[in-house]
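Report on the structure given below.
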Amino acid sequence: MSTHLRVDLDAIRGNIARIRATVAPAGLMLVVKDDAYGHGLGPIVRTAAAAGVEWFGAFDVRTGSAVRAELGSRARIFAWIAASREDLEVAIADELDLGIGDSALLEDLADAARSASTPARVHLKIDTGLHRNGVRPENWPGFVTRAAELEADGTIDVVGVWSHIAEASDADDDDARTIFDWAIAHARRVGLRPSMRHLAASAAAFARPEFRYDMVRVGAFCYGIRSAGGPSATDLGLVPAASLNADVVSVEDDAVTIGIGALDGVPSSLAGLAEVGTPDGARRLMSVDTASRVETWPGAAVGDVVTVYGAGDRGESSATDLAEIIGTIGEEIAVRVSPLVPREYVGG
Ligand SMILES: *Cc1c(COP(=O)(O)O)cnc(C)c1O
């Protein structure tokens, strides 16, 4: 039984090239949270760095430190979740850029930077409406004034201003952008010169040029995962990089059993609803349990490979196609694949 997630590093490189060309002159920050969306952190960041990506979006400090360990001093690494004093100390020691959206946390970071005698690199976060860890507009003037003081005395280096948007409605995103522009203008008024202004993730980076600013933070599209309900991967010029595969372990009259199931991360709610890839093209996924059953094909044999999701070469659905069937997003399908499923890398 050889269930595995196959990751095509050439597809990752192609997607990165496509995204960089699309968003230029803005830069690309490759988001690698959740073990690079289940693709495996090390191979992904090494491939991206070799392709010239400078900025990595790590989510938490622990992931940021792992990227630093992989890539050494050349990478710029942005983490936006720091939970403890120890996190702040590690972030400074590992030269991470930290997203800070809270005035108490800014003071804690300044304190840690003074102890370390090393200025902390900061990206100030304005809450533009999502209410996830940002400074509310009414508190922004005081926040940036304090940040300017801390920068003037050499405690912090204000590298950026950033926020996150829902990318669900253009009107809401436009409102967010108005607040973002106001926040940048206000930061400049108190003497800050943030060189990295970043707001957009995958969808807005492609669809809304005015949201690109200096850099876009893109995860899903780098892995070829299109947005649910959005344009096709082909229209975006992207290729799904991962395919989830399993061997046929037994052949019955009307079905084959494959060595992959719910424990490996295949949502059981897909049973009866999804099309998977086989040597003879698309077939229906009939059941998902500890193993799964798939509608058979002429000549089906033990050892044949079934592709649960992938780029479509064998008739399979993409991760986002599966997500749409059960009302979620492609990222969710990708990150559900158990860490116990071996990753196999090709290309790169
Ligand atoms: C996950 C995440 C992104 C990337 O989003 P995608 O839609 O996968 O491109 C960008 N910014 C933040 C803050 C995130 O948490």
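The values are calculated or read from the model by the stated rules, or taken from the named source; none is laboratory data. The model shown is predicted, which means the values in this text are computed figures rather than measured ones. Counting neighbours? That spans all protein chains shown, and the Cβs are built from the backbone with ideal geometry, glycine included.
Here are the numbers for this structure:
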item: Helices (runs of 4 or more DSSP H) contained entirely in the stretch 14-105, each with at least 3 residues that are β-branched (Val, Ile, Thr) and on the phi < 0 side of the Ramachandran plot; result: 41-50, 61-71
item: Every residue from the stretch 158-182 that is away from the ligand (no atom under 16 Å from the Cβ) and small (Gly, Ala, Ser); result: 171
item: Answer residue from the stretch 128-145, given it is without any contact (Cβ under 8 Å) to a residue 40 or more places away in the chain and surrounded by 14 or more Cβ atoms within 10 Å (Cβ to Cβ) and is farthest from the chain's Cα centre (by Cα) among those; result: 139
item: Subset of the stretch 158-208 [in contact with a strand residue (DSSP E or B) (Cβ under 7 Å, 6 or more places away or on another chain) and without any contact (Cβ under 8 Å) to a residue 24 or more places away in the chain]; result: 184
item: Subset of the stretch 1-55 [within 13 Å of the ligand (Cβ to nearest atom) and either touching a Cys at 6+ places or on another chain (Cβ under 7 Å) or in the same structural domain as residue 333 (by TED's automatic domain parsing) (or both)]; result: 15, 16, 19, 30
item: Some residue of the stretch 162-173 being part of a strand (DSSP E or B) and under 27 Å from residue 92 (Cα atoms); result: yes
item: Residue under evaluation residue 288, criteria (1) over 26 Å from the mean Cα position of the chain (by Cα); (2) touching a residue at least 40 places away in the same chain (Cβ under 8 Å), criterion not met; result: (2)
